[in-house]
Every structure is written in C-alpha cells, then in structure tokens.
1. State which residue is nearest to Tyr99 (Cα to Cα) when the search covers only the stretch 131-177 and only residues that are surrounded by fewer than 21 Cβ atoms within 10 Å (Cβ to Cβ), hydroxyl-bearing (Ser, Thr, Tyr) and in contact with a helix residue (DSSP H, G or I) (Cβ under 6 Å, 6 or more places away or on another chain).
2. Would you be able to say whether some residue in the stretch 231-245 is under 30 Å from Ser61 (Cβ atoms) and touching a Leu at 6+ places or on another chain (Cβ under 8 Å)?
3. Output the number of residues of the stretch 224-237 satisfying the condition of being surrounded by fewer than 18 Cβ atoms within 10 Å (Cβ to Cβ) and in a loop (DSSP other than H, G, I, E, B).
4. Of these, Ile5, Ile62, which one is modelled with pLDDT of 95 or more and part of a loop (DSSP other than H, G, I, E, B)?
5. I'd like to know if the stretch 186-204 contains one or more residues that are assigned to a helix (DSSP H, G or I), over 22 Å from Asp260 (Cα atoms) and aliphatic (A, V, I, L, M).
6. Filtering the stretch 212-223 down to residues that are assigned to a helix (DSSP H, G or I) and crowded, with 17+ Cβ neighbours inside 10 Å, which residue is nearest to the chain's Cα centre (by Cα)?
7. Taking the stretch 29-47 as the search range and keeping residues that are aromatic (Phe, Trp, Tyr) and in a helix (DSSP H, G or I), which one is farthest from Val79 (Cα to Cα)?
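The values are calculated or read from the model by the stated rules, or taken from the named source; none is laboratory data. What you see is a predicted model, and the numbers here were worked out from it, not measured in a lab. Don't worry about glycine lacking a Cβ; one is built from the backbone with ideal geometry, like all the others, and counts go over all protein chains shown.
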Amino acid sequence: MFGYITPLKIELKVKEFEYFRSYYHGLCYSIKNNFGNIPRLTLNYDMTFIGFILEGLSNESIIIENKRCIKHPTYDIQVIKDTNALKYAANLSVTFFDYKLKDNINDDNNKKSKVFNIFLSPYSKKAELNYANINKIIKTNLATLSSMEINKNFDTFDEVCHPFSDIMASILKNYPHTLYNDSSTLREMLYKLGYYIGKYIYLMDAFDDLEDDILSNQFNPLIVIHKLNKENYKDNLENIIAEMDFLILSCISYCKDILDSIPLIKHKEILENIVTLGMPNEFYKICNEMYKKIPPK
C-alpha cells in the first residue's frame, strides 16, 4: 500500500535532497539499531515522511553522521542519528510491514509472505510492545477494514477509506513525545493532516492496483463501488480517472492547507515539495498509465 509519498527531486535544492536522503538513511539505521538487519526490509518513504513531519515539530537536535552500510560499502553516506521521531517511524515501519504480510497470506496464501512473516515475527512483537496504544488503534482499524473488504458492506469511498485514514491520523496525533508549542489544537491539526494522508494513500493504492485486482479477482473498492469486471472496466476508465482526480487532488489540497497552518520549526520547504509536487506527481504517473488503457473511440 505504501510508496506514494516522495519528494519531487528535480524541484529540490541539492542540499535539501541530500538532507532528506540522510533522514531516509537515518530511518534505515534506526530500524537496524532498534530491531536488527532483517527488518530493514520494511524501510519505506511513507514512514520517512511521517517521521519527517514530527521531526519538523521537535526541538530535538539533529546530528548528521557519515557511515557505510551493506548497500553502500565503498563510500560514506550521510545518516541522521537516531531521534524520537525516527524511533517512532522505525516501529511503525515494522508494524505495517507485518500487517501487510499477514494480509497477503490471508488474500492468496502467499508463500513468500509466509517466509518473511516467520522471520519478522519476533521484531513485530517487539514493535507492538514499544507503542502499545498506537498499535491497538492500528489493529482495531485494520480489523474493521478487513471486515469491510470481506463483506463489501460500504457504499462510498469515505466509508471504506475511514479506517486507514484514522490510523494515519492517530499516528500523528498520538505521537508520544512533546512537540514544539504542543497543544490540543496542534494535535487536532495533526489528526486532520494524517487523516487526509491516509485517505490519499488508500485511494492511490486502489487506483494503482485496479487492473491487477480485476484480473486476479482481488478486492478493490473501485471494483465494488462501480461494479467493475474484466469486461467493462476499460470502458469505465475515463470516468474513474476523473473521479480519482477529484478525490485524490482534494486530499492533497487539504494536506497543503493544514501543513501551511502547522507551526513547523524545520523541514517546511521539503514537506511543501512532497505535498504540493511529489504527491501529485505520483498520481499523474498512474493517470498516464491508465490513459493508455482506454479503448479508442
């Protein structure tokens, strides 16, 4: 489901991109330091983004170190030393990957996911204990979402998006460390930001996976709401693209407005790049592929 929240590199200054990359590397090292090497497979840009937002509201010092790793053994890379936000994002990375593996196993008895799940199990149990409150929210919402997907008892995107949106919202709102100018108002703003981030991710995943899900007879909210099948989905693509254009770009617009209101003390320019350029760019990449599949008139 993850992979749709990245900066638009060509619009960042070189030093900004290098700094963001050092944060991404920092998350990789945080996963290693807190869990071990195997869980580094859970690294993703979406949790980097979550940590980056929270870091932007933190007074905690940023220390950049030069390190080498398995992927880059011949030269030094810049890595941000572990912070509270990075540790939080590291735990979430492991937690979400574990749930994803279990979802794959439930969907189609995926053998590869079964193997990964065996190796990851001790680390995911540790992550669950580290942040028990947020893990309870994640578990409850994913169970609700799973029930909705199995029973198909929803009529709108708002309904089916809500559980995952609430997860991402709660992750930001319930960050267990003090933020700059912390208040109930700030926490509610973070909830709203996380909610639209979650809705964006869920819709993007549905949009991106539509053809694969139709061909493999897997769940997809677009299939349910529009009653799509192998015979009719291409004829409906133009309308689906227009609908996703409205829904997804609305999420991005809400994220931008909320981000503008949050009192960030660092990371503002890079976060603006991600929300106003990177996220739309990911959407339009999917649109371009979809347009190629529309039958000629």
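1. Thr144
2. Among the residues of the stretch 231-245, not one is under 30 Å from Ser61 (Cβ atoms) and touching a Leu at 6+ places or on another chain (Cβ under 8 Å), which makes the answer no.
3. Initially, the stretch 224-237 is screened for residues surrounded by fewer than 18 Cβ atoms within 10 Å (Cβ to Cβ), giving 224, 226-227, 229-232, 234-236.
Then keep just the ones that are in a loop (DSSP other than H, G, I, E, B); that gives 227, 229-232.
Of the residues in the stretch 224-237, 5 are surrounded by fewer than 18 Cβ atoms within 10 Å (Cβ to Cβ) and in a loop (DSSP other than H, G, I, E, B).
4. So the residue among Ile5, Ile62 that is modelled with pLDDT of 95 or more and part of a loop (DSSP other than H, G, I, E, B) is Ile5.
5. Keep residues of the stretch 186-204 that are assigned to a helix (DSSP H, G or I), which gives 186-204.
Those left that are additionally over 22 Å from Asp260 (Cα atoms): 202-204.
Next cut, aliphatic (A, V, I, L, M) only: 203-204.
So far as the stretch 186-204 goes, yes, one or more of its residues are assigned to a helix (DSSP H, G or I), over 22 Å from Asp260 (Cα atoms) and aliphatic (A, V, I, L, M).
6. Of the stretch 212-223, the ones assigned to a helix (DSSP H, G or I) are 212-215, 221-223.
After this cut, where a residue has to be crowded, with 17+ Cβ neighbours inside 10 Å as well, the list is 213-214, 221-223.
Values: Asp213: 20, Ile214: 23, Pro221: 18, Leu222: 20, Ile223: 22 Å.
The extreme case among them is Pro221.
7. Residues of the stretch 29-47 that are aromatic (Phe, Trp, Tyr), as a first pass: 29, 35, 45.
Those left that are additionally in a helix (DSSP H, G or I): 29, 45.
Details: Tyr29: 8, Tyr45: 15 Å.
Once the filter is applied, the top-ranked residue is Tyr45.
Rundown of residues vs (1) surrounded by fewer than 18 Cβ atoms within 10 Å (Cβ to Cβ); (2) under 22 Å from the mean Cα position of the chain (by Cα), yes/no style:
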| site | (1), (2) |
| --- | --- |
| Asn239 | yes, no |
| Glu243 | yes, yes |
| Ser250 | yes, yes |
| Ser261 | yes, yes |
| Val275 | no, yes |
| Phe283 | no, yes |
| Pro295 | yes, no |
